[in-house]
Amino acid sequence: MLKIVVCVSGGGTNLQAIIDSIEAGKVTNAEIMAVISNNADAKALDRARNHGIEGICLSPKDYETRDAFNEAFTTTMVAMNPDLIVLAGFLVKIPEAMVAAFPGKIINIHPSLIPSFCGVGYYGLKVHEKALARGVKVTGATVHYVDGGMDTGPIIAQKAVYVQPGDTPEVLQRRVMEEAEWILLPQAIDDIANGRI
Ligand code: GAR
């Protein structure tokens, strides 16, 4: 059984997609052992607790320095010893020590077709604002392994989504979630849990 820690910052719809897929038996051999959020008010923490999953808040704001936060975050994760760490809308950079402690065991969902619209400053709605500003006709989502960079690790899966005339960032974000993210991320977890990746 693959033991997963999911890291979140906000709404947690990707977390919900993972929970629902596990409960529906679409993702097998996997269980979420805990959800970690950097934001105590994240709706994602309620979603976790509603399903009997431990929800933990670890915020950089509660530490004097970023190094102190990074150390506490890494120590907590090492003590939990998950088989897989899933970044599902987690907007904090993963400490180098954590990447080193979990080689090939951290995956991230990003709301664009990497290498487009990714890297520093590209997160959440901003990704879709920039895609619309550039006038692309196709966007999508990517699941990838996390390395020391920002959205630079090996790609696991991608799914394309068409931009439609009149799209706002919010409308496009929702379509990318519905047509790509909520499908791709549970699928990648199922593939990892069942040895297909
Ligand atoms: C998702 O669209 C996810 O791909 C994105 O944040 C959103 C979180 O939504 N992640 C990034 O932009 C990472 N660079 P959610 O909290 O409802 O899952």
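Where a number appears in this text, it was derived from the coordinates with a stated rule and is not lab data. This structure is a prediction, so every number in the text was calculated from the model and none was measured. Ideal geometry is used to build each Cβ from the backbone, glycine not excepted, and the neighbour counts take in all protein chains shown.
Nearest 5 is fine: what % of DSSP beta bridges in the chain come out antiparallel, could you say?
Within the chain, antiparallel bridges account for around 40 percent of the total.
Suppose only helical runs count, i.e. DSSP H with n ≥ 4. What mean residue ellipticity at 222 nm does that imply for the chain under -39500 (n - 2.57) per run, divided by all residues and rounded to the nearest 500 deg cm²/dmol?
Using -39500 (n - 2.57) per qualifying helix, the result is -10500 deg cm²/dmol.
Find the all-direction average of the projected area of the Cα convex hull for the chain, expressing the result in square nanometres with one decimal place.
Computing the convex hull of the Cα atoms and averaging its projections yields 10.5 nm².
Which value in nm describes the separation of the simple spin-label points at Glu71 and Ala160, placed 7 Å from the Cα toward the beta carbon?
4.9
If we count other beta carbons within 10 Å of each Cβ, what is the order of His144, His128, fewest first?
Placing the least packed residue first, the sequence is His144, His128.
At q = 0.15, 0.18 Å⁻¹, what log₁₀ I(q)/I(0) does a Debye calculation on the Cα points of segment 108-197 give, no solvent, two decimals?
Evaluating at q = 0.15, 0.18 Å⁻¹ gives log10 I(q)/I(0) of -0.52, -0.73.
Give, in whole angstrom and from largest to smallest, the semi-axes √(5λ) of the equivalent ellipsoid of segment 64-118, with λ running over the eigenvalues of the Cα gyration tensor.
Those come to 22, 15, 9 Å.
Taking other Cβ within 10 Å of each residue's Cβ, how do Thr65, Thr28 sort, fewest first?
Thr65, Thr28
What list of ³J(HN,Hα) couplings, whole Hz, do you get for segment 36-48 from phi and the Karplus terms 6.51, -1.76, 1.60, once you set θ to phi - 60° and write x for glycine and proline?
10, 10, 8, 10, 4, 8, 4, 4, 4, 5, 5, 4, 4
Binning at 5 Å from 0, report for segment 1-113 what percent of all alpha-carbon pair distances ends up in each bin.
With a bin width of 5 Å, the distribution comes to 2, 12, 23, 26, 20, 12, 4, 1, 0.
Which lysines does Lys137 reach when only Cα atoms under 27 Å apart count, and residues fewer than 8 places away in its own chain are ignored?
Lys126, Lys159
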